[in-house]
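Written out below as structure tokens is the structure these notes cover.
Read the figures in this text as sums done on the coordinates, not as results from a lab. As the structure is a computational prediction, the values presented were derived from the model and not from experiment. Cβ coordinates were reconstructed from backbone atoms using ideal geometry, including for glycine residues, and neighbour counts include every protein chain displayed.
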Amino acid sequence: MAKRKIRISTDEVLRKISKPVSAITPSVLTLLDDMAETMYAANGVGLAAPQVGILKRIVVIDIGDGLVELINPVVVETKGSQIGNEGCLSIPGYSAPVERPEYVKVKALNRKGEEIIVEGKDLMAVALCHETDHLDGILYIDKALEEAEPVEERQDD
């Protein structure tokens, strides 16, 4: 596994549409492993392949319940609405309020090529939407209800 460089918002790769993965190859498995390592090293809860410069429809998410790997994810159902501040590893130091579904169901492939269904509420619903948006060249600032503002760093006493 290797930590990869996270692309920042001015990088045009983040605005491109990713291509579906046609086969689960050793390079796809390596990418999944590298993306997880990169996400954890950056203290993120999700990472999409375009954020490391790869235009493939691959996402990793861990909101604290364990790693979820999604290949060719498709949102198949949403319910409800929630508004919360979002940040992004590709837009470091900023956040903005975004309206997202409260519940999301996603169909994808796992690393074995098996079809899986992932359901998420609250933060997981946000992460699923946020990361799948990246695969279509969409950043959270495109959907923000207000302009992104710098995140104040927490001061420990």
| Can you give the extra length, in nm with one decimal, that the chain gains between D11 and E146 once fully stretched, where that is 0.36 nm per residue apart less the Cα-Cα distance? | 46.4 nm
| said: If you fit an axis through the alpha-carbon atoms of helix 26-41 and take the longest principal axis of the Cα set of the chain, what angle between them do you get, 0 to 90°, nearest 10? | reply: 20
| query | What is the list of residues in the stretch 106-130 whose amide nitrogen lies under 20 Å from a point 7 angstrom out from the Cα of I24, following Cα to Cβ? | reply | 106-119
| query | How large is ³J(HN,Hα), in whole Hz, for each residue of the stretch 132-144 in order, when computed from phi with the Karplus curve 6.51 cos²θ - 1.76 cosθ + 1.60 and θ = phi - 60°, using x for Gly and Pro? | reply | 5, 4, 4, 5, 10, x, 9, 9, 4, 5, 6, 10, 5
| note | With V13 itself left out, Lys, Arg at +1 and Asp, Glu at -1 over residues whose Cβ is under 15 Å from its Cβ give +4
| query | Given the Cα-Cα distance of L67 and E37 and 0.36 nm per residue of separation, how much length would full extension add, in nm? | reply | 9.7 nm
| message | Looking at the chain as a GNM with Cα springs under 10 Å, which of D122, D142, D65 has the largest mean-square fluctuation? | response | D65
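Is there a pair in K105/K143; K3/K143; K16/K143; K3/K107; K3/K79 whose C-alpha atoms are over 24 Å apart, and which pairs would that be?
K3/K143; K3/K107; K3/K79
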| task | Counting only GluC sites (Glu not before Pro) that are in a DSSP loop and have at most 15 other C-beta atoms within 10 Å, tell me the longest site-free stretch of the chain. | result | 1-101
| query | Looking at the square roots a ≥ b ≥ c of the eigenvalues of the Cα gyration tensor of the stretch 55-105, which shape do they give, rounded for a/c under 1.5, prolate if a/b is larger than b/c, or oblate? | reply | oblate
| Does the stretch 41-157 come out rounded, prolate or oblate by the C-alpha gyration tensor, with a ≥ b ≥ c the root eigenvalues, rounded set by a/c under 1.5 and, if not, prolate when a/b is larger than b/c and oblate if not? | prolate
| remark: Of the stretch 131-154, those with amide N under 16 Å from the point 7 Å along the Cα→Cβ vector of E99 are 141-147
